[in-house]
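Chemist: One structure coming up, written as structure tokens, with questions to follow.
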Amino acid sequence: MEGAIDVRVLAGAAGALLVALMLSEFFVTFMLPRRVRRDPRIARGLNRLLWRPWRGVARRLAPASADTLLGLFGPLALVLQLVVWATGLLIGYGLIEWAVAGGPFRTRFLDSSSLFLSAGGLSGSNALRAVDLLEAATGVGVLFIVIGYMPSVYSAFSRRETAVSQLATRAGSPPAAATLLHRAAGREHWSELQRDLRSWEEWAAELMETHLTYPLLAFYRSQHVNQNWLAALTAMVDVSAFVKATLHDSVDAADITFRIGRHALADLALQFRLEPVPVDRLSDSEFEELFAIVDRSTAENVDSATAQRRLELLREEYEPNAQALADFLALELPPWFHQETRPGARTPPPTHGAGRDLVGSRASSPRAGQQE
């Protein structure tokens, strides 16, 4: 008899520990604004355990089928996390009820299955009633938090994809920095590019915040195979880096957008415990073609050698993290060029006098150094 009581005490302690672990994971995942390295261990372990074989299977399929399969992972992983946490709570409360009331564990486990329904009959000892009430309160709290969490996730996804689609109309699909620079320099729309840079700054900051809070959003795919959030973010940083490297005077809009974009790529790579991957996405010949786009405009730019040296240093700050994320998430980084922006494509003749808009207006921009 004494041995049976000891087993029940151990079972009760194990059940309480399991409930505390599940609730702490649930709290960190759904309610706590997380730091970069404060990710729930169970959720992170499940994601990594399932993602690698899932990605391996997708690599054997055609691109469209692979993208469809990869797109299923984010929603299914979220459902699986909920199932694991709910099962853990059911087992934990079943062990606690068995420790308090005794009897067959199977009966107590079935009693605890009312976790998300009601407090049951509230029969038995006062201790058992207290456990039943706590169990019912936990179930109601978890249910309402999940109901509030789902719209937040899909609202963040919708805002992200709206920006991705808007960028596609300006930079092509997938987005390319040269297309945006060709549009701005060829038509002397530098002020328009400056406005775009400022809106990208806001989008990159929101993307970083939402994807650190809801890491599973990174696995949610865009609606089109040749579009993805990582390509959009990288293309924005590409344009910002090239403007910073090429123009004589510092451009606050480009500087700030570059800093927040680089910060987002670094934090997201750290979120998934990824090591930077060296990559060279722009050859010397491609740089000369890209530099010629801006050199034909009226904006005051540095010489080609200086611009290339500056751009190489800037690219080293973000491209390795972008490539690490692309490899891990099975996403494609954007090219610097589309076919229509390579030599031979027709460029509208420049209209003199508008080329200094990007450099001129900076009174309303905060200094870039304040962003970090």
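Each row is one residue, and each column tells you yes or no for (1) of a type in the set (V, I, T); (2) open to solvent by less than 60 Å² (accessible area, probe 1.4 Å); (3) in contact with a Lys or Arg (Cβ under 6 Å, 6 or more places away or on another chain); (4) closer than 16 Å to M236 by Cβ.
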| residue | (1), (2), (3), (4) |
| --- | --- |
| L143 | no, no, no, no |
| V153 | yes, yes, no, no |
| F157 | no, yes, no, no |
| A163 | no, yes, no, yes |
| A171 | no, yes, no, yes |
| P175 | no, yes, no, yes |
| T179 | yes, yes, no, yes |
| E192 | no, yes, no, yes |
| D196 | no, yes, no, yes |
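Chemist: Taking the stated definitions as given, is A218 crowded, with 24+ Cβ neighbours inside 10 Å, assigned to a helix (DSSP H, G or I), touching a residue at least 60 places away in the same chain (Cβ under 8 Å) and of a type outside the set (F, W, Y)?
Modeler: So A218 does not fit the description; no.
Chemist: In addition: From the list P276, P335, which residue is of a type outside the set (S, T, Y), modelled with pLDDT of 90 or more and farther than 25 Å from S199 by Cβ?
Modeler: P276
Chemist: With F242, F287 as the choices, which residue is without any contact (Cβ under 8 Å) to a residue 60 or more places away in the chain, assigned to a helix (DSSP H, G or I) and open to solvent by less than 30 Å² (accessible area, probe 1.4 Å)?
Modeler: After ruling out the rest, the residue left standing is F287.
Chemist: Return the pairs, sorted by first residue and then second, in which the second residue is basic (K, R) and modelled with pLDDT of 95 or more, the first residue lies in the range 313-342 and is buried (at least 20 other Cβ atoms within 10 Å of the Cβ), the beta carbons are less than 7 Å apart, and the residues are 6+ apart or on different chains.
Modeler: Filtered contacts from the range 313-342: Y318/R262.
Chemist: How many of the residues making up the range 197-235 are at pLDDT 85 or above and closer than 30 Å to R296 by Cβ?
Modeler: Looking only at that region, the number is 13.
Chemist: Exactly one condition in (1) in a helix (DSSP H, G or I); (2) buried (at least 22 other Cβ atoms within 10 Å of the Cβ); (3) modelled with pLDDT under 90; (4) not hydrophobic (A, V, I, L, M, F, W, C) is not met by T257; state its number.
Modeler: That leaves (3) as the condition not met.
Chemist: Could I ask something else about it? Quick one: which residue in A324, A292 is assigned to a helix (DSSP H, G or I), at pLDDT below 95 and among the hydrophobic types (A, V, I, L, M, F, W, C)?
Modeler: A292
Chemist: Which residue is surrounded by the fewest Cβ atoms within 10 Å (Cβ to Cβ), if the candidates are limited to the range 112-141 and must be in contact with a helix residue (DSSP H, G or I) (Cβ under 6 Å, 6 or more places away or on another chain) and at pLDDT 75 or above?
Modeler: Selected residue: A127.
Chemist: Looking at the range 137-149, I want the residues that are at positive phi and touching a residue at least 12 places away in the same chain (Cβ under 8 Å) and have a partner that is assigned to a helix (DSSP H, G or I) and open to solvent by less than 60 Å² (accessible area, probe 1.4 Å) with Cβ atoms under 7 Å, at least 6 apart or on another chain. Which pairs are those?
Modeler: Within 7 Å, no pair qualifies.
The values are calculated or read from the model by the stated rules, or taken from the named source; none is laboratory data. Please read all numbers here as calculations on a predicted model, not as lab measurements. Neighbour counts are summed over all protein chains in view; Cβ atoms, including those assigned to glycine, are modelled from backbone coordinates with ideal geometry. All accessible areas refer to the heavy atoms of the entire protein, side chains included, with ligands and DNA or RNA removed. Shrake-Rupley method; radii C 1.70, N 1.55, O 1.52, S 1.80 Å.
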